[in-house]
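Input: a single structure, listed below in C-alpha cells.
The values are calculated or read from the model by the stated rules, or taken from the named source; none is laboratory data. Predicted model only: the values in this text are computed from it and were never measured. So basically every Cβ, Gly included, is an ideal-geometry build from the backbone, and we count neighbours across all protein chains shown. Heavy atoms of the whole protein, side chains included, go into the accessibility calculation; ligands, DNA and RNA do not. Shrake-Rupley method; radii C 1.70, N 1.55, O 1.52, S 1.80 Å.
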Amino acid sequence: MRLFTWSARRILSAHKQASGGSREFWGWLNAVFNKVDYERIKAVGPDRAAAEWLLRCGAKVRFRGFDRWQHDYNGLPTGPLGRYRIEAIDATESCIMYRGFDHLEGLEHVEEIRFNKCIYIEDTCLERLSQIKTLQDSLKNMTMVSCGNVTDKGIITLHHLRKLEWLLLSDLPGVKDKDQTVDRLQTALPRLTIELDLA
C-alpha cells in the first residue's frame, strides 16, 4: 500500500504549470506539509519523523552509512527505532518552511544541509536552525543558493553552528553588506571556509 503518492515537488511542479491557481491554496497546502506532529516524533524517533517531513516537502535525505539519496517517501527504509540516522539534507526546490523546523530537533548526525532555490527559507529559519543544540555540534557543510528571503541578519545567525567548516553563499539578493557579514562570521568561526558568489 502506498502511504503517500504525491510529493510536494510534484505538486509544486503541477502548480507551476497550472494557470490561475490560488496562492492561498498552495500556501495552505505547504503549511499542512510542514505541520509538526509531536506524537509521531515520539513514536518513530526524530530521524524518521524528520525524513518523512523533508520528503513530504520535496527534499531529499541521505542516511548515515549510505551513499544514495532518499527521495521517495514510500521508499523510506524501515527498521528498529534509531537505525537510520540522517547525515545530509538536500532541500533543493522544496517547500520546507519555518513552521516545520521543530522536526530538526534531536537530529544528532546531520553534517550537511543544502538550501537551493528554497522560496520559504528566510532569516527566522536560519535563526531557528542555529539554535538547535544537536546541529550546533554536528553540522559541517552548508549551501545557501538562490534563497531570496535570506538577508545578512539570517546569515549572521549561523555563527552559532560552531562545527561549521564550509559555507557556500550564492545568489542571495537580500544580503546587502556581504563584507561585514562575512567578517562577523569569520570572527566567530575562524576555521570556517566561506565561498561567495554574491552581487
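Averaged over residues, the count of other Cβ atoms within 10 Å places the peptides 34-43, 53-62 in the sequence 53-62, 34-43, highest first. Per-residue accessible area (protein heavy atoms, 1.4 Å probe) orders Asp179, Asp72 as Asp179, Asp72, starting from the largest.
Normalised by residue count, the range 24-197 yields a Cα convex hull volume of 107 Å³ per residue. Normalised by the number of residues in the range 90-155, the average gap of Cα pairs under 8 Å and 6 or more apart makes the relative contact order 40 percent.
By accessible area of protein heavy atoms, probe 1.4 Å, what ranking do Asp90, Asp67, Asp197 get, highest first? Can you show the working numbers first?
On the way: Asp90 10, Asp67 145, Asp197 100 Å².
The most accessible residue leads, giving Asp67, Asp197, Asp90.
Take the Cβ atoms of Val145 and Glu39, set R0 to 41 Å, and the FRET efficiency comes out at 0.75.
Distance between Cα centroids, the range 98-174 to the range 33-69: provide it in whole Å. If we compute the Cα centre of each part, the gap is 17 Å.
For the residue pairs Lys35/Lys176; Lys60/Lys176; Lys133/Lys163, the C-alpha atoms sit more than 22 angstrom apart in Lys35/Lys176; Lys60/Lys176. Computed as a quarter of the hull surface, the mean projected area of the alpha carbon convex hull for the range 41-138 stands at 5.8 nm².
Comparing Asn74, Tyr98, Ala59 along the charge dipole axis of the range 55-104, the residue lying farthest to the positive side is Asn74, per the Cβ-charge model.
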